[in-house]
Amino acid sequence: MQNGIAFLTHVNGDALSLFALSGKAAQAKIKAGDLIKDLAPIADARGGGRPDRAQAGSKSVHKEQLVLSEANRILSGLLGS
């Protein structure tokens, strides 16, 4: 994945996981670690990562849709879609 950016969530019981991936070329627009830094506070999550991949975890599973909506807003703004 050279040009792509991915943001994923996963709920397992009372745990919400956030994952971000950013390809080498896409890191010029956003780094995975920066995306997680922006989104983790929305879900009361803690985490971190590197420019290519990052993750965070939370117990606020009810905030999954809010995080996904904000991720969509951020990425749409950066990527112009």
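Bear in mind that the values in this text are calculations on the coordinates, not laboratory data. Everything numeric in this text was worked out from a predicted model, so none of it was measured. Note that we place each Cβ from the backbone using ideal geometry, even for glycine, and neighbour counts take in every protein chain shown.
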Straight distance only, please: which aspartates and glutamates reach the Cα of residue 24 with their own Cα at less than 13 Å, same-chain residues fewer than 8 apart left out?
-> 52
Per DSSP H run of at least 4 residues, take -39500 (n - 2.57); add these up for the chain, divide by its residues and hand me the 222 nm value, nearest 500 deg cm²/dmol.
-> -9000 deg cm²/dmol
Rounded to the nearest Å, what's the spacing between the alpha carbon centres of the range 45-81 and the range 7-22? Just the number, please.
-> 9
Evaluate the relative contact order of the chain (contact order divided by residue number), counting alpha-carbon pairs under 8 angstrom at least 6 apart; express in whole percent.
-> 28
If you plug each phi of the range 34-50 into the Karplus form 6.51 cos²θ - 1.76 cosθ + 1.60 with θ = phi - 60°, what whole-Hz ³J(HN,Hα) values come out, in order, with x for Gly and Pro?
-> 5, 5, 5, 4, 6, 8, 4, x, 4, 9, 6, 9, 10, x, x, x, 10
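Residue separation times 0.36 nm, minus the C-alpha to C-alpha distance between residue 24 and residue 52: what's the value? Display every interim value, and only then the final one.
On the way: separation 28, 0.36 × 28 = 10.08 nm, distance 0.71 nm.
Contour length minus the Cα-Cα distance gives 9.4 nm.
What does the charge add up to near residue 66, with Lys and Arg as +1, Asp and Glu as -1, over the other residues with Cβ less than 12 Å from its Cβ? Walk me through the numbers on the way to the answer.
Working: positive: 63, 73; negative: 44, 64, 70.
In short, -1.
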Most mobile of 26, 40, 15 in a GNM of the chain (Cα contacts under 10 Å) = 15
